[in-house]
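Read the structure below first, then the notes.
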Amino acid sequence: MNQPRDDFEAELARLQPQALSRSVADEIARELDRPARMGIADRCLACFIGAGALAASVIIGLMGWQMLEDSVPRFDPPAPMIAQYPPASVGEYQQALARSNGPNFELFR
């Protein structure tokens, strides 16, 4: 049962690859030495990948910025102070200066 298989394997073992001609070898060497050039499809793909990476970077940056803005506590501005008494008049200032004996008010006399 294994006899036909063994005969086939023996025949395959006797086969040798044919040697390449010199022109074929030179053509392969020239093709390998040439720099790789991207086709239009490859350039479009690279462009779309770059644009996608840029869009992802912008989205991540905006999300990070939003997280930073949300983490900063917001304080309400202090309520404006409301005077409980009406402002002093010029006459009241003059009376206060006349009654003062401190060294700070000596400049105003």
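The numbers here are math on the coordinates, done by the rules we state, and not lab data. Just so it is clear, the structure is predicted and the values come from calculations on it, not from any experiment. Neighbour counts are summed over all protein chains in view; Cβ atoms, including those assigned to glycine, are modelled from backbone coordinates with ideal geometry.
Before moving on, here are some points about what is shown:
- Checking (1) -0.47, -0.53, -0.84, -0.92; (2) -0.83, -0.85, -1.02, -1.05; (3) -0.28, -0.34, -0.70, -0.78 against the coordinates, the calculated log10 I(q)/I(0) by the Debye sum over Cα atoms at q = 0.10, 0.11, 0.16, 0.17 Å⁻¹ falls under label (2).
- For the chain, the longest principal axis of the C-alpha atoms and the axis of helix 3-14 are separated by about 80°.
- Ranking of Tyr85, Tyr93 by count of other Cβ atoms within 10 Å, fewest first: Tyr85, Tyr93
- Tilt relative to the chain, helix 22-33 - C-alpha long axis, 0 to 90 degrees, to 10: 10
- Estimated distance in nm for a label pair at Arg74 and Ala88, the labels positioned 7 Å out from Cα along Cα-to-Cβ: 4.1
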